[in-house]
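> Provided herewith is a single structure, encoded as structure tokens, for subsequent inquiry.
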Amino acid sequence: ILGGYEARPHLKPFMASLQLDGQHVCGGFLVAEQWVLSAAHCTEETGDKLFQVLLGAHSLTEQEPHKRLYRVRAQFPHPGSNKHNNKDDLLLLQLEEKAELNADVQVLPFQREDRDVAPDTVCEVAGWGITSHSGRRPDRLQQVERPVISRDVCNHRTRHDGTITNNMMCTDSRRKDTCKGDSGGPLVCGGVAEGVVTAGSRVCGNYKKPAIYTRLAPYAAWIDGVMASADG
Ligand SMILES: NC(=O)c1cc2c(NC(=O)[C@@]34C[C@@H]5C[C@@H](C[C@@](N)(C5)C3)C4)cccc2[nH]1
């Protein structure tokens, strides 16, 4: 997160850190007791290794009462996701067991009504992604508020030049922005997850390249279908 600030500890109890060998790679959030939602591109450099999912955390290193690392039983990237673009950039992770819910571990509902968030709506995004252009990695969860910008503005030829589909949305990226490692985290507007930070590498903090999110409403059926099928 660039230009943001340290979140109030454990006030975002839905936040997940997707880790490999103890290293934070991507964000995510608890979408059901045994399921975390993130971005498909987050598996780009993992080979066939499965993530571990840290829940209940504020600091990535310090001991905290409800912090717990969960093994992943299975990972389900959206079938439409591919490494050439940002389309269908969603990943569902089934935890080895149901997460133990408590003050620091809670599910976050996602938007099911397929209607664009109005431009200028201020949403918030949190993550353990880099906080400076030099690549400084924070130990504690950061957050920033960002206004939604219209798809037309985001698709202008000087911005993302027509690549933003109806299944994507954008926020202003002037100075305050998501960045490397924030991918997979939720864009929360009015207490509901409206989008997931895309994981394509993009320049951060430059107003000419707004942040891009995968909208969740268009994927409600896919999310419900995977969770129902795999839960048995
Ligand atoms: N979403 C953004 O704003 C944003 C992302 C981003 C980025 N790249 C990533 O964050 C990942 C995401 C996953 C896991 C890791 C390897 C990778 N290939 C796939 C790319 C790191 C690099 C530079 C600027 C960036 N900006």
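> Among the candidates LYS49, LYS67, LYS12, single out the residue that is of a type in the set (Lys, Arg), open to solvent by 20 Å² or more (accessible area, probe 1.4 Å), closer than 20 Å to ALA126 by Cα and free of Cβ contacts under 8 Å to residues at least 40 places away in the same chain. Break it down stepwise before answering.
On the way: LYS49 fails: closer than 20 Å to ALA126 by Cα; LYS12 fails: free of Cβ contacts under 8 Å to residues at least 40 places away in the same chain.
Step by step, each of LYS49, LYS67, LYS12 is checked, and only LYS67 is of a type in the set (Lys, Arg), open to solvent by 20 Å² or more (accessible area, probe 1.4 Å), closer than 20 Å to ALA126 by Cα and free of Cβ contacts under 8 Å to residues at least 40 places away in the same chain.
> Might you let me know whether segment 133-148 holds any residue that is of a type in the set (A, V, I, L, M, F, W, C) and closer than 30 Å to GLU62 by Cβ?
Yes: one or more hits.
> Identify all residues within segment 1-54 that are within 13 Å of the ligand (Cβ to nearest atom), among the small types (Gly, Ala, Ser) and outside any loop (DSSP other than H, G, I, E, B); write none if there are none. Please lay out each step first, then the result.
Taking segment 1-54 as the starting set, the residues that turn out to be within 13 Å of the ligand (Cβ to nearest atom) are 1-4, 17-20, 23-28, 38-47, 49, 51.
Among the residues that remain, those that are also among the small types (Gly, Ala, Ser) are: 3-4, 17, 27-28, 38-40, 47.
Scanning segment 1-54 gives SER17, GLY27, GLY28, SER38, ALA40.
> Which residues, counting only those in segment 15-25, are open to solvent by 10 Å² or more (accessible area, probe 1.4 Å) and touching a residue at least 40 places away in the same chain (Cβ under 8 Å)? Even if it seems obvious, please write down each step before you answer.
Of segment 15-25, the ones open to solvent by 10 Å² or more (accessible area, probe 1.4 Å) are 19-25.
Hits for segment 15-25 are GLN19, HIS24, VAL25.
> Now for a different question. Is it the case that THR214 is modelled with pLDDT of 95 or more, open to solvent by less than 40 Å² (accessible area, probe 1.4 Å) and within 25 Å of THR43 (Cβ to Cβ)? Spell out how you get there, then give the answer.
Numbers: modelled with pLDDT of 95 or more: yes; open to solvent by less than 40 Å² (accessible area, probe 1.4 Å): yes; within 25 Å of THR43 (Cβ to Cβ): yes.
Yes.
So that you can scan it fast, the table gives a plain yes or no per residue for (1) assigned to a strand (DSSP E or B); (2) under 22 Å from LEU30 (Cα atoms); (3) open to solvent by less than 30 Å² (accessible area, probe 1.4 Å):
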{"residue": "ASP116", "(1), (2), (3)": "no, no, no"}
{"residue": "ASP120", "(1), (2), (3)": "no, no, no"}
{"residue": "CYS123", "(1), (2), (3)": "yes, yes, yes"}
{"residue": "GLY129", "(1), (2), (3)": "no, yes, yes"}
{"residue": "HIS133", "(1), (2), (3)": "no, no, no"}
{"residue": "ARG137", "(1), (2), (3)": "no, no, no"}
{"residue": "PRO147", "(1), (2), (3)": "yes, no, no"}
{"residue": "VAL153", "(1), (2), (3)": "no, no, no"}
{"residue": "HIS156", "(1), (2), (3)": "no, no, no"}
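> Now a separate question. Can you pull out every residue in segment 174-206 that is farther than 26 Å from GLN19 by Cα and either modelled with pLDDT under 95 or open to solvent by less than 10 Å² (accessible area, probe 1.4 Å) (or both)?
The answer is none; no residue qualifies.
The values are calculated or read from the model by the stated rules, or taken from the named source; none is laboratory data. Everything numeric in this text was worked out from a predicted model, so none of it was measured. Using ideal geometry, Cβ is built from the backbone for each residue, glycine included, and neighbour counts are taken over all protein chains shown. With ligands, DNA and RNA removed, areas are computed over all heavy atoms of the protein, side chains included. Shrake-Rupley method; radii C 1.70, N 1.55, O 1.52, S 1.80 Å.
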